[in-house]
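What follows is a short report on a single structure.
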Amino acid sequence: MALLDLTPDQLLSTTRAVRKRLDVNRPVPDDLVRECVVAAQQSPSGSNNPSMQFVVVRDEAERKAIGAIYAECFAAYKQMEGIYIGSIDKGSDGANAQQQRSARSADYLGDHMGEAPVLVIACTHGRADGVPGMMAASLMANVQPAMWSFMLAARARGLGTCWTTVHLLQEQSWADVVGIPYESVQQVCLSPLAYTIGTDFKPADRPDPDSIIHWDRW
């Protein structure tokens, strides 16, 4: 399909977490998923060891089972004060109002994750459980850039995604549903994948860059 008419900076600044604007009634062709994976394969990887794997779930029964587990995990996540998106104080009325809008959107996905026509679970060979920080960072570097590249490629094709990790509260249960070998494969991210309702997305409000840059020293 034709790509959206976006400059590189527009693509980078408008690839948003899409939740309520996922078109759950429109199928996503397998070929588009493959195109996004091809783009993901060009991402950098730790130690030049591209061990990323993508579990692409289309089966309705599996999606419903995953959605039910996600809802359980999300209910537990909502009880985590200071971690749950809706419990974070951003320091001003305007910022907090935006935070609550994001929280309502996240709550919506908590109830509807299994309705997306495709669910993508990004994984990597090996596990980061209890390993030194350098090794854990290297392991994650094999999949996190790849998943972001996947999301950028999806956006360019009119598809929406949303980076979520809440399901890792019950990672073993998810592994059992789709046959991921839990002992040797680390799940890193879950995203719905669907066409978006409309393709216009705005850049998010972010702080001045100098507020997060530490020139030469912290």
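The values are calculated or read from the model by the stated rules, or taken from the named source; none is laboratory data. Predicted model, so just to flag it, every value in this text is computed and none were measured. Note that each Cβ is placed from the backbone with ideal geometry, even for glycine, and that neighbours are counted across all protein chains shown. For accessibility, only protein heavy atoms count, side chains too; no ligands or nucleic acids. Shrake-Rupley method; radii C 1.70, N 1.55, O 1.52, S 1.80 Å.
In segment 139-157, is there at least one residue being more than 20 Å from VAL185 (Cβ to Cβ), in contact with a Lys or Arg (Cβ under 9 Å, 6 or more places away or on another chain) and not in a loop (DSSP other than H, G, I, E, B)? Yes, there is a match, as at least one residue in segment 139-157 is more than 20 Å from VAL185 (Cβ to Cβ), in contact with a Lys or Arg (Cβ under 9 Å, 6 or more places away or on another chain) and not in a loop (DSSP other than H, G, I, E, B). Yes or no: segment 94-110 includes at least one residue that is at pLDDT below 90, open to solvent by 20 Å² or more (accessible area, probe 1.4 Å) and small (Gly, Ala, Ser). Yes - at least one qualifying residue is present in segment 94-110. Among the residues of segment 169-212, those identified as aliphatic (A, V, I, L, M) and either outside any loop (DSSP other than H, G, I, E, B) or closer than 29 Å to ALA95 by Cα (or both) are LEU169, ALA175, VAL177, VAL178, VAL185, VAL188, LEU190, LEU193, ALA194, ILE197, ALA204, ILE212.
None of SER149, SER173, SER184, SER138 is of a type in the set (Ser, Thr, Tyr) and at pLDDT 95 or above except SER149.
Residues checked against (1) touching a strand residue (DSSP E or B) at 6+ places or on another chain (Cβ under 6 Å); (2) under 19 Å from VAL188 (Cβ atoms); (3) of a type in the set (Asp, Glu):
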position: PRO44; (1), (2), (3): no, yes, no
position: SER47; (1), (2), (3): no, yes, no
position: GLN53; (1), (2), (3): yes, yes, no
position: LYS64; (1), (2), (3): no, no, no
position: ALA68; (1), (2), (3): no, no, no
position: PHE74; (1), (2), (3): no, yes, no
position: MET80; (1), (2), (3): no, no, no
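Conditions (1) of a type in the set (Lys, Arg); (2) touching a residue at least 40 places away in the same chain (Cβ under 8 Å); (3) at negative phi, marked per residue:
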position	(1), (2), (3)
ARG104	yes, no, yes
ALA116	no, yes, yes
ILE121	no, yes, yes
HIS125	no, yes, yes
LEU139	no, yes, yes
SER149	no, yes, yes
ALA154	no, yes, yes
TRP163	no, yes, yes
ASP176	no, no, yes
